[in-house]
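Peer 1: Could you have a look at this structure, given as structure tokens, before my questions?
The values are calculated or read from the model by the stated rules, or taken from the named source; none is laboratory data. Treat the numbers as computed from the prediction; the structure is a model and nothing was measured. Please note: Cβ atoms are built from the backbone with ideal geometry, for glycine as well, and neighbour counts cover all protein chains shown. Just the protein is used for accessible areas: all its heavy atoms, side chains included, with ligands, DNA and RNA removed. Shrake-Rupley method; radii C 1.70, N 1.55, O 1.52, S 1.80 Å.
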Amino acid sequence: MPIRLGNLTLHVVSDGGFRLDGGAMFGVVPRTLWQRERAPDDDNRIAMATNCLLIESGDDLVLIDTGIGDKGDEKFRSIFAMEEGATRLPDALRAAGFELGDVTHVLLSHLHFDHCGWNTRAAGDGFVPTFPNARYWLNRGEVDHAREPNERDRASYNPLNWEPLFDAGVVELFDDAGEPAAGVRAVRAAGHNRDMCIVLLDGGHPDGGDGVSNGAARGVFWADLIPTASHLPYPWIMGYDLYPVTTLENKKRWLPRAAEEDWLCFFEHDPRVPVARLVADRPGRYRAEPLAAAAP
């Protein structure tokens, strides 16, 4: 069901579920605490979502992130416990009433494999853009790092997810911020890595259109700054983050504003709470009030 955010119409579109190690997802937080929030399986993995966001903004259709894609082999699918029979992103877009060719812009929070997998698809002996009429917006610093990753994060990058875009001439590079369409603005929020972005949404004033009614006309797509609602506490930071203290600083910068201004919050990896508003139980401590109608 679409969500109206002022002048924007939003659709949560999923690429299916997968699993990651719970300890890695919660860093220094002890398992005795995080397992109350996210029960692990026998291999210590917790359920994860791939909640991408499709945004109608005037004549533009913007897709934020593109999920895991279909490039993984059987070993890859087993390691990450890819959800069998799940609706994948291209079909999720069609279920929302759109075709791949309708997307005018693809905005990437960063280039880890679980965020940009459907950037490209196999065609003949190579790969081509999945969204044939779209410009792809990538942070310049993230591209530079993805091309020369270090030993700690090399496994998170697959050049097939972005190099064919450069070959096709469809890339728009930006630095600290990029705005592919009115009311949709990527802002660098380092911590998970040096150049990951969150996406700020500004729908102006609500106009009473169809869809899920909401009072706020602003929102944020947290990407991996706050991957699930369970990561709202300031110290609950992923072990994957290259710069965890910077993550902490950015959480302290953005969470109070999101709560005070009643932003609609999108959690990319949360299978239970894809969309919520924040409630401050006490200074610096927030909880998510889910928007039930937004489940993908």
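Peer 1: Taking segment 153-195 on its own, how many of its residues are without any contact (Cβ under 8 Å) to a residue 24 or more places away in the chain and either in a helix (DSSP H, G or I) or touching a helix residue (DSSP H, G or I) at 6+ places or on another chain (Cβ under 6 Å) (or both)?
Peer 2: So the first thing to find is which residues in segment 153-195 are without any contact (Cβ under 8 Å) to a residue 24 or more places away in the chain, and the list is 154-155, 159, 163, 166-167, 169, 176-177, 179, 185, 187.
Restricting the remaining residues to those that are either in a helix (DSSP H, G or I) or touching a helix residue (DSSP H, G or I) at 6+ places or on another chain (Cβ under 6 Å) (or both) gives 154-155, 159, 163, 166-167.
Number of matching residues: 6.
Peer 1: Mind telling me which of the residues Gly6, Gly58 ends up being on the phi > 0 side of the Ramachandran plot and touching a Pro at 6+ places or on another chain (Cβ under 8 Å)? So that I can check it myself, show each step before the final result.
Peer 2: Details: Gly58 fails: touching a Pro at 6+ places or on another chain (Cβ under 8 Å).
Exactly one of Gly6, Gly58 is on the phi > 0 side of the Ramachandran plot and touching a Pro at 6+ places or on another chain (Cβ under 8 Å), namely Gly6.
Peer 1: Right, another one. Inspect segment 199-219 for any residue being of a type in the set (A, V, I, L, M), open to solvent by 40 Å² or more (accessible area, probe 1.4 Å), outside any loop (DSSP other than H, G, I, E, B) and at pLDDT 95 or above and give the result as yes or no. Don't jump to the end; show me each part of the working.
Peer 2: At the first step, the residues of segment 199-219 found to be of a type in the set (A, V, I, L, M) are 199-201, 212, 216-217.
The next check asks that each one be open to solvent by 40 Å² or more (accessible area, probe 1.4 Å); those that pass are none.
No.
Peer 1: Kindly establish whether Ala146 is of a type in the set (A, V, I, L, M, F, W, C), at pLDDT 95 or above and either surrounded by 16 or more Cβ atoms within 10 Å (Cβ to Cβ) or within 25 Å of Ile226 (Cα to Cα) (or both).
Peer 2: yes
Peer 1: Let me ask you something else. Strands (runs of 3 or more DSSP E) wholly in segment 229-296 with at least 3 residues that are among the aliphatic types (A, V, I, L, M) and in contact with a Phe, Trp or Tyr (Cβ under 9 Å, 6 or more places away or on another chain) - which ones?
Peer 2: Details: elements: 264-266, 275-282, 285-290.
In segment 229-296, the matching strands (runs of 3 or more DSSP E) lie at 275-282.
Peer 1: Search segment 32-44 for residues that are loosely packed, with under 11 Cβ neighbours inside 10 Å and pair each with any residue that is part of a helix (DSSP H, G or I) and not hydroxyl-bearing (Ser, Thr, Tyr) when their beta-carbon atoms are under 9 Å apart and the residues are at least 6 apart or on different chains.
Peer 2: Ala39/Gly22
Peer 1: Right, something else. May I ask you to say which residue of Thr120, Thr130, Thr104 is at negative phi, open to solvent by 10 Å² or more (accessible area, probe 1.4 Å) and within 19 Å of the chain's Cα centre (by Cα)? Let's see the steps before the verdict.
Peer 2: Working: Thr120 fails: open to solvent by 10 Å² or more (accessible area, probe 1.4 Å); Thr130 fails: open to solvent by 10 Å² or more (accessible area, probe 1.4 Å).
Every option except Thr104 fails the conditions.
Peer 1: Asp114: assigned to a helix (DSSP H, G or I) and surrounded by fewer than 20 Cβ atoms within 10 Å (Cβ to Cβ), yes or no? If you could, list the steps in order and put the result at the bottom.
Peer 2: Numbers: assigned to a helix (DSSP H, G or I): yes; surrounded by fewer than 20 Cβ atoms within 10 Å (Cβ to Cβ): no.
Criteria not met by Asp114.
Peer 1: Looking only at segment 59-98, count how many residues are open to solvent by 50 Å² or more (accessible area, probe 1.4 Å), assigned to a loop (DSSP other than H, G, I, E, B) and more than 24 Å from Trp162 (Cβ to Cβ).
Peer 2: Adding up the residues that qualify gives 6.
Peer 1: State which residue pairs qualify: first residue farther than 9 Å from Leu100 by Cβ and among the basic types (Lys, Arg) and inside segment 126-142, second residue open to solvent by 10 Å² or more (accessible area, probe 1.4 Å) and not in a strand (DSSP E or B) in any location, beta carbons under 9 Å apart, and separation of 6 or more residues or different chains.
Peer 2: Final answer for the pair search is Arg135/Thr104; Arg135/Val170; Arg140/Asp175; Arg140/Asp195.
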